[in-house]
Amino acid sequence: MTSVFALLDAEWRTLGRRPAPEGWPVGCRSLGGLPRLATVVDACRRGDDPRPLVALLSLAAAGDAVACRAAVQALVPAAAGAAARMAGYVGWGPWPTRDDLDGDAAGALVEVVAAGVPAGAWPAAMVGSRVRDRLRATVRRHARHRRREGSGLGAAPSPVARLDDARCAEERAGDVVVAAVRDGVLTAAGGQTVLATSVYGWSPAEFAALTGRDVRAVRTHRLRATRALALAAA
């Protein structure tokens with residue numbers, strides 16, 4: 001069975017050749033002058049400027065089907081990263097296989113994009129977090145169902161009871177990073193690197209591919225940012 005993310009990528013190799021719709025606002029600096037859909041998605045994935053993705057998500061939330069499909073493609077790495085964080089529940093949890101998990105993650109991604117995402121400095125990270133929240137909700141529903149059936153989870157290798165604690169830890173870590181950026185301890189780029197690779201679970205290689213940087217530069221940037229955080233907390 002082929003992962004839904006691979007299927008989306010394969011479909012996009014054809015769809016991405018299409019020109020961006022003329023109806024998209026010409027005056028929008030984020031999307032203006034981008035002739036093909038693939039170029040729009042590449043701009044959204046670079047990560048150094050959130051405006052293209054914010055603009056695309058705004059069009060998608062307004063009901064533009066082409067923008068919705070392009071936004072989904074731009075955010076495939078975010079959904080794949082969210083699924084990877086939940087891989088410990090494959091087999092014994094709600095997903096029999098990793099392909100089933102990826103399918104749910106892709107479905108959640110479409111729902112998040114269609115529902116609309118508030119403009120912000122890290123829209124991809126926000127989407128990844130919302131997709132992960134939906135996957136966690138699936139785990140909780142599965143746990144409640146098993147309890148109703150009288151099948152306890154005490155012997156499970158990854159207790160669902162730890163899920164709330166893990167979520168709280170993520171939220172606290174995210175708050176610390178955002179506060180550090182706001183207070184000038186970290187640059188916005190440094191905060192983005194720490195959030196993506198240390199809080200939201202992307203590997204340095206995945207984040208480097210998403211932002212078009214060398215993986216060694218990402219690792220160095222993360223190290224410097226985490227040292228700055230440690231010094232500020234000392």
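Read-outs: derived from the displayed coordinates by stated rules, not from any lab. What you see is a predicted model, and the numbers here were worked out from it, not measured in a lab. So basically every Cβ, Gly included, is an ideal-geometry build from the backbone, and we count neighbours across all protein chains shown.
Observations
- Calculated from backbone phi, Karplus (6.51, -1.76, 1.60) coupling profile of the stretch 65-70 in Hz, x at Gly/Pro: 5, 5, 5, 4, 5, 5
- Sites ALA114 and ALA217 - FRET efficiency at Förster radius 25 Å, r taken between beta-carbons, to 0.05: 0.10
- Inter-probe distance in nm under a simple model that places probes 7 Å from Cα toward Cβ, at ASP100 and ARG13: 2.9 nm
- Whole-Hz Karplus values for the stretch 133-148 come out as 4, 5, 5, 4, 4, 5, 4, 5, 4, 4, 5, 5, 4, 5, 5, 4 Hz, taken residue by residue from phi with 6.51 cos²θ - 1.76 cosθ + 1.60 and θ = phi - 60°; glycine and proline positions read x.
- Taking θ as phi - 60° and the Karplus parameters 6.51, -1.76 and 1.60, the scalar couplings of the stretch 36-50 work out to 10, 4, 4, 5, 4, 5, 4, 5, 5, 7, 4, x, 7, 9, x Hz in sequence order, x denoting glycine and proline.
- Amide H partners (placed H, <5 Å) of ALA20, local residues excluded: ARG36, LEU37
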